[in-house]
Every structure is written in C-alpha cells, then in structure tokens.
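Below is one structure, written out as structure tokens; the observations come after it.
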Protein chains: 2
Amino acid sequence: MRILVTNDDGIEAAGLHALADALRPLGEVVIVAPDRQQSAVGHALTVSEPLRVVPFRSNGQHVGYAVNGTPADCVKLAVTSLLPWRPDVVASGINHGRNTAVNILYSGTVSAATEGTLLGIPSLAFSLDAYQPEVDFRAASLIARYLVQHLPQLGVPLGTLLNVNIPALPLEQIRGIRVTRQGASVWRDWYERRRDPWGREYFWLAGEYLLADGIPDADDVALVQGYVSITPIRYELTDFELLEPLSRAVDELLPLPRMSHTSCKADGETA
Amino acid sequence: MRILVTNDDGIEAAGLHALADALRPLGEVVIVAPDRQQSAVGHALTVSEPLRVVPFRSNGQHVGYAVNGTPADCVKLAVTSLLPWRPDVVASGINHGRNTAVNILYSGTVSAATEGTLLGIPSLAFSLDAYQPEVDFRAASLIARYLVQHLPQLGVPLGTLLNVNIPALPLEQIRGIRVTRQGASVWRDWYERRRDPWGREYFWLAGEYLLADGIPDADDVALVQGYVSITPIRYELTDFELLEPLSRAVDELLPLPRMSHTSCKADGETA
C-alpha cells in the first residue's frame, strides 16, 4: 500500500509524524505537507504564485517534502508531479482539534482529503479533539492505522471521503466507533478590536463553538460521548429539493421575453 | 434593502463596482472586499493574523472598506463588526471567470456567499464566463440586479445560496435563465517545473478544464448554450446513502471489544 500523508498544521507538527509513523507498517509512506501552519485555509489552491519544494528529513531519514502552499496544493502537487507512484490512499492529519459540523468547510485537514478524493484516490481526514499543545496522539494513531488498513473492506465509493474525529481519551476509554452525519454546531463569532503598538486599529477573529446536540447521530455528539466519529462526505452541493420549485419561480418571475434591458431596470430608475 | 457587496478579485476589480453600481438603485450598498486578488482561496478564514480595514473611496465617495483578508473574512467581519446594520442580502462578484462544477469548491466568490449563508443572510454569487481583461459587465450587472430585486419571490430557504453564472454575451443574445445542478466538469491539472533566475526550481499550477456535458441540466451546459445558470447550493456534505452500509461495515469490521491496543497492531508488527 502506498500512502500519501499530509496535514494543515505544517510539516513539523507532532500529529503528522504520529500518523506517518502509525501508517508505515502498512506500506510505503511519503509526507508532502505545508512548510508552516495552514489552519482554516479551506480548499485554497495557490495559482498566482510559484510553489517551492524542500526535501524533509526526520531522524536523519528522508521522509518527504515541505511545500510553501496549502494542504490542497500539497496533495495536487504530490499526485501530479512529485511522487514516482500514484498513492493508494491519502491520509490527512492528525489535526490538532476537531473538524466537525461547520468546521468541515474551513478545515485544511479535510480539504487535503477532498483534493485526494477529487483526484480519484480514497482519502481520509483524521482529527483529534484536543487543543492543548502537548497531547497524546497514540490512541488516535492506532485508530487511524486500523481504519486505513481496513479501508478496502468498508466499501467507500470513489468521490466520498471519510472524515474521522477522535476523542482525546486513552484507547481503553474510547467507547467505540460511530458512523455519523455532519452536525449542526456553529461558531458564534466576533472580532476583537485592538490597537497595535503604533496606535493603529486591527481586528482579530474570536469566537465560541455552539455545540448542537439535537441531532443524535451528529459527529459532535458522538465525539462528546467518547466515540470515534466517522462521517462520509461528498461534494454534491446542489440543493436538489429546491431545483423544481426554484425552476417554477424563475419561470414565473423571469420569463425569457422579458429578459430585456427595459425589464431589467430597477423600479424608479430612469431609462 | 441593505446590501453587502464583496468579491474575490479584490476591491479594485471592475466586476465588483459594476455589481455595486447595479444594486445601488435597490437600496443601501456597502462594499467590504479584499484589498487584493484572492482567487481560489476556497473558504479560507484568517485566524492567525490580525485584519486591517481601510476605508475605500470611488469617484470621491466613501463606498466601503478594503480588508487584508479573504472573501469569507470580509463577510464575517462586515456582518459581525463593521456595518451599522445587518445586511438583507450578501452579493458576491461579479467574478471574472465562471464558477461552475468543481470550481465551486475552490471559489472565493462562492465562499463569500457561503459565509453570508452561514450567518443566516440570503446570499448570491455572480460570475461572468469571460477571462479577457477588458470585458463588458453590463448584461451581467442587469441580471444580477434583477435577481437580487426578485430574490424574495424566489422562495430560497435560509441555508441555501444561489450560485449564478452568466454567459459573456450581450443581453439580447442571452437565451434565458436555467435552474441547474452542479456539473461534473473537472480540471486536468499539472505543474510546470521551471527554474528561477537563480537556478532554483519552482512549480506553477497549470491545467485545462474538461467540460462534462453528460448531465443536461448541469451549470456548465446551460452556460455554454447561452443561458444564465442558477444553481442552488447548500452545505450538507454528508453522504447519506452511505450512512447505513458504512455503519454495518464498521460494526462488522471494528467491533467495540476489539478496539484494544492489540487489535490495532498492524499485521507483522511486533508487540
């Protein structure tokens, strides 16, 4: 098995190397990861600037490459240009902090797995529900390996990725694995208005996570209860239920013959 | 009607001001937009750095603010901190280039509308299918105004945004409006390997768009045929069809009692 490992916390992150070390017994592992922290980058791609690639060594071994780009850049570059083989699996993480509910949209960890999926490669994102700088990735690493190892038996179709969130508990306290849906938790955001040492104003994003526990099979709910949460994700964004009523509304309101300059004038605007 | 206008091409972009000018007859318009080009940033948020806000003037009038952030930053900052009122609508664009199919995932234009939607505000993304530097935004502006004006009648639920793509044609040549689904077109990507003036290697993303025309009601298909495409988009990412079979597969493969350090060992690994 050939495995591409990446993350969004950067190539120095402990969670990345915990994941790579855990997966090495399964086959050939190469790390291609951002050269610095890239949290909340969403599915960003670098198109207006060049990417630089620097070989990365760990304990004297060449284990991969650092890229001055986003997680999605790393996967695209690795698969199309850097690696001598096509990965059988893309494993992203282990992220420092959960990626559930709305966080999935902002997550660089998930976006790396998304890019793998778009390239037609089975992909998983792993996140550990812990924010302390020093955290134990051992249980999460073992679970990640177990899932990657058994991925072929899970019957995940191409085009769907597995978003895995792991509680920050010792393995024996983890209650099991639950297949979940994307939850409804949201952030209540604000910006702190501050002044820099030169008196100039700046804004810094702050917020609190509002845990929604109304959906019993939601990712956050499983996590809080001590379960590993696996949410299958696919990027079919169309609101299919709305297609037909919206079509009717558009046909009624905006008939083709009226699509003229005149009918497009706003009320009260002179011709 | 109070309208927040933003984009991802940056606050100097012609498409942004064409949109703002077109919407001004409908009510109060404020621009909060990135201070520079932000294409393909996905749904990135700036969390590790401060945001700066600079008032922006156009033709001697104060029309809004430039922010050193992403489109999603602009919307979040505007709604939570900058504006004295809550917008009734977030309008993002007019983007220079189409945002259809897979591009929706990478699009900063769409991500701004996504952030509006997450904040509970009806939101639309507008993109013009043209890449030439000098392009006529007049038809697209009129269509954008017409849609914003009639948005209340379209019955779009909160949580769903409208992703609007407009062909680069004079208004009288546009054949009408079609409600569409996200298409299946993809990029065939590669990286050009080059050397900088100092002999150092760099990589630059290149690619060609592979138009999928197998889905008759896809966004790209409507656009190519000369129609305005409106795709309703929502961020329910769960692969619901997979929930039950995946649950069964996980239960069979990974029963709780076996979730121990021993069973997590990879084959061939010593204890």
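The values are calculated or read from the model by the stated rules, or taken from the named source; none is laboratory data. Just so you know, these numbers come straight off a predicted model, no measurement behind them. Cβ atoms come from the backbone with ideal geometry, glycine included; neighbour counts cover every protein chain shown.
In this structure, B:L119 does satisfy being touching a residue at least 40 places away in the same chain (Cβ under 8 Å) and either out of contact with any Ser or Thr (no Cβ under 9 Å at 6 or more places or on another chain) or within 12 Å of chain A (Cβ to nearest Cβ) (or both).
Selection of first residues in the range B:37-52 that are facing another protein chain (nearest Cβ under 7 Å) and at positive phi and of second residues that are among the aliphatic types (A, V, I, L, M) and in a loop (DSSP other than H, G, I, E, B), restricted to Cβ pairs under 6 Å at least 6 apart or on distinct chains, gives the following pairs, ordered by first then second residue: B:A40/A:L45; B:A40/A:V47; B:G42/A:A44. Among the residues making up the range A:144-155, a single one is within 7 Å of chain B (Cβ to nearest Cβ) and either at positive phi or out of contact with any helix residue (DSSP H, G or I) (no Cβ under 7 Å at 6 or more places or on another chain) (or both): A:G155. Scanning the range A:31-50 for residues that are modelled with pLDDT of 95 or more and surrounded by 22 or more Cβ atoms within 10 Å (Cβ to Cβ) yields A:I31, A:V32, A:A33, A:P34.
Rundown of residues vs (1) farther than 30 Å from B:R52 by Cβ; (2) more than 9 Å from every other protein chain (Cβ to nearest Cβ); (3) without any contact (Cβ under 8 Å) to a residue 60 or more places away in the chain; (4) not acidic (D, E), yes/no style:
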{"position": "A:A130", "(1), (2), (3), (4)": "yes, yes, yes, yes"}
{"position": "A:T160", "(1), (2), (3), (4)": "yes, no, no, yes"}
{"position": "A:I166", "(1), (2), (3), (4)": "yes, yes, no, yes"}
{"position": "A:A184", "(1), (2), (3), (4)": "yes, yes, no, yes"}
{"position": "A:W190", "(1), (2), (3), (4)": "no, no, yes, yes"}
{"position": "A:R195", "(1), (2), (3), (4)": "no, yes, yes, yes"}
{"position": "A:G199", "(1), (2), (3), (4)": "no, yes, yes, yes"}
{"position": "A:A212", "(1), (2), (3), (4)": "yes, yes, no, yes"}
{"position": "A:P216", "(1), (2), (3), (4)": "yes, yes, yes, yes"}
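Kindly state which strands (runs of 3 or more DSSP E) lie completely within the range A:49-149 and contain at least 2 residues that are within 13 Å of the chain's Cα centre (by Cα) and under 30 Å from B:Q37 (Cα atoms). Explain how you work it out, then say what you get.
On the way: elements: A:53-58, A:61-67, A:89-96, A:123-129.
Fully inside the range A:49-149 and qualifying: A:89-96.
Could you identify the single residue in A:Y202, A:Y191 that is closer than 25 Å to B:T80 by Cβ and touching a helix residue (DSSP H, G or I) at 6+ places or on another chain (Cβ under 6 Å)?
A:Y191
All told, A:G60 falls short of being modelled with pLDDT of 95 or more and farther than 26 Å from A:T180 by Cβ.
Pick from the range A:96-148 the residues that are acidic (D, E) and touching a strand residue (DSSP E or B) at 6+ places or on another chain (Cβ under 8 Å): which of them is farthest from B:T114 (Cα to Cα)? Steps first, answer last, please.
Of the residues in the range A:96-148, the ones acidic (D, E) are A:115, A:129, A:134, A:136.
After this cut, where a residue has to be touching a strand residue (DSSP E or B) at 6+ places or on another chain (Cβ under 8 Å) as well, the list is A:115, A:129.
Numbers: A:E115: 19, A:D129: 25 Å.
Per the criteria, the residue is A:D129.
A quick yes/no check of all residues on (1) within 12 Å of another protein chain (Cβ to nearest Cβ); (2) buried (at least 24 other Cβ atoms within 10 Å of the Cβ):
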residue	(1), (2)
A:S92	no, yes
A:R98	no, yes
A:L105	yes, no
A:T109	no, yes
A:E115	yes, yes
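Tell me, please, whether a residue that is acidic (D, E), over 22 Å from A:H43 (Cβ atoms) and in contact with a strand residue (DSSP E or B) (Cβ under 8 Å, 6 or more places away or on another chain) can be found in the range B:86-95. Yes, that holds for at least one residue.
Of all residues in the range A:180-203, those satisfying the criterion of being assigned to a loop (DSSP other than H, G, I, E, B) and buried (at least 20 other Cβ atoms within 10 Å of the Cβ) are A:T180, A:Q182, A:G183, A:S185.
Scanning the range A:1-28 for residues that are of a type in the set (S, T, N, Q) and not in a loop (DSSP other than H, G, I, E, B) yields a single hit, A:T6.
From the list A:A139, A:A144, A:A125, which residue is surrounded by fewer than 24 Cβ atoms within 10 Å (Cβ to Cβ) and among the aliphatic types (A, V, I, L, M)?
Details: A:A144 fails: surrounded by fewer than 24 Cβ atoms within 10 Å (Cβ to Cβ); A:A125 fails: surrounded by fewer than 24 Cβ atoms within 10 Å (Cβ to Cβ).
After ruling out the rest, the residue left standing is A:A139.
Note on the range A:261-271: among residues that are at the interface with another protein chain (Cβ under 7 Å from one of its Cβ atoms) and either within 30 Å of A:S111 (Cα to Cα) or in a loop (DSSP other than H, G, I, E, B) (or both), the one that is modelled with the lowest pLDDT is A:G268. Residues that are surrounded by fewer than 17 Cβ atoms within 10 Å (Cβ to Cβ) and more than 10 Å from chain B (Cβ to nearest Cβ) within the range A:225-251 comprise A:Q225, A:G226, listed in sequence order. Could you tell me whether the range B:2-10 includes any residue that is at pLDDT 95 or above and out of contact with any strand residue (DSSP E or B) (no Cβ under 9 Å at 6 or more places or on another chain)? No, the range B:2-10 has no match at all. In the range B:169-179 there is no residue that is on the phi < 0 side of the Ramachandran plot, at the interface with chain A (Cβ under 8 Å from one of its Cβ atoms), among the polar types (S, T, N, Q) and not in a strand (DSSP E or B). If only residues of the range B:51-85 that are surrounded by 16 or more Cβ atoms within 10 Å (Cβ to Cβ) and polar (S, T, N, Q) are counted, the one that is nearest to A:G42 (Cα to Cα) is B:T70.
Going by what's in this entry, would B:I31 be described as touching a residue at least 24 places away in the same chain (Cβ under 8 Å), more than 14 Å from every other protein chain (Cβ to nearest Cβ) and part of a loop (DSSP other than H, G, I, E, B)?
Numbers: touching a residue at least 24 places away in the same chain (Cβ under 8 Å): yes; more than 14 Å from every other protein chain (Cβ to nearest Cβ): yes; part of a loop (DSSP other than H, G, I, E, B): no.
No, not satisfied.
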